[in-house]
Amino acid sequence: MTLQTTWHRFLETYEPLRSELYRYCRYLTRSPWDAEDLAQDTLARAFVTLAQMGEDPANPRAWLFRVASNLWIDQIRKRREVDGQPEPVTSPEPRAPREAAGTLLVKLSPQERAAVVLKDVFELSLEETAEALGTTVGGIKAALHRGRGKLVDDTLEPTTAPVPGALDAFVSAFNAGDLDRLTALLLDTAIVEVVGATTQYGAEAARRTVLPGMMFGHRRMIDGTAPLDPRFAAGLLPDPIRLEARFHRGRWIVVHWYAHTEGELVRAFTLLELDGDRVAHLENHFYDPDFLADLGGELAVPTRNNGYRWWVS
């Protein structure tokens, strides 16, 4: 059995849980960006761990939450070991009615936060919550008692900052359809990633694959030559994709607007890490339905998702 076949079999069981996994990670991290990173890391860790287990977990949902919880708690512990400080308060979070409770968790310890979310939000039983966190029912009861008593409101105001010159140049080059200028903005050592699909190293590799896909891939979706389920091309128009810089949670991001018969809709977000006037790391989020919807809601922009897979089953 090839590694790709094994991965596809893994997804048959765990892909239906990805929306819940993302929501859980979102409550833990309080940031769409960190939640997406944690969800991706969880799936990768789960895939590797399953290969070492004698049999599949009896409760895949609780087990996946356990993998995510362990990863997140480990991250918090390592962060504290490095700087000797408590878990930092994350960037300001717009208050959305659909997840108002999520803004109340900042002062809970990692174990308390996970217990409250699993029990009160995802409605796991005490036994399932204990299984997901690798502890006892008594330990969960104690964590819930402490955690529920600490919940306080958190109302931080967002801030803004000037658009970096390199980011502004990237948006301008893309909107002008200038692939040469766009490529020239990347460092020769740049890492260019479409999360969940591909990672390319260097400007020239990005020019051959990722950058043309970002600029013109929607036309392949329309004519049916893209390896994507045809239903995601419904209403899509061949007009050029328009980029826009937006400030979100203390960082500048790039919003991708696609033309549709019903108007412009956002179908991707990109994060650029800059090194002076060049791009050192490009992280494109296209195959992330839960992340797109979550971030789109915070930015108050209409979104359309592209599914989880870059191939057609």
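Data for the structure
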{"read-out": "First in the stretch 31-59 and in contact (Cβ under 8 Å) with a residue 60 or more places away in the chain, second anywhere and surrounded by fewer than 17 Cβ atoms within 10 Å (Cβ to Cβ), Cβ under 6 Å, 6 or more apart", "value": "Ser31/Thr90"}
{"read-out": "Matching entry among Leu295, Leu237 (being buried (at least 17 other Cβ atoms within 10 Å of the Cβ) and either touching a Phe, Trp or Tyr at 6+ places or on another chain (Cβ under 9 Å) or not assigned by TED's automatic domain parsing to the domain that holds Gly196 (or both))", "value": "Leu295"}
{"read-out": "Residue count, the stretch 1-46 (criterion: under 16 Å from Ala132 (Cα atoms) and among the aromatic types (Phe, Trp, Tyr))", "value": "4"}
{"read-out": "Test: residue in the stretch 276-289 that is farther than 17 Å from Glu193 by Cα, among the polar types (S, T, N, Q) and assigned by TED's automatic domain parsing to the domain that holds Tyr201", "value": "no"}
{"read-out": "Extreme residue, surrounded by the most Cβ atoms within 10 Å (Cβ to Cβ), among residues of the stretch 256-270 that are of a type in the set (A, V, I, L, M, F, W, C) and out of contact with any helix residue (DSSP H, G or I) (no Cβ under 7 Å at 6 or more places or on another chain)", "value": "Ala268"}
{"read-out": "Failed criterion for Val192 (all others in (1) among the hydrophobic types (A, V, I, L, M, F, W, C); (2) farther than 30 Å from Asp74 by Cα; (3) at pLDDT 95 or above hold)", "value": "(2)"}
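The values are calculated or read from the model by the stated rules, or taken from the named source; none is laboratory data. Only a predicted model underlies this, so the values are computations on that prediction, with no experimental measurement involved. Using ideal geometry, Cβ is built from the backbone for each residue, glycine included, and neighbour counts are taken over all protein chains shown.
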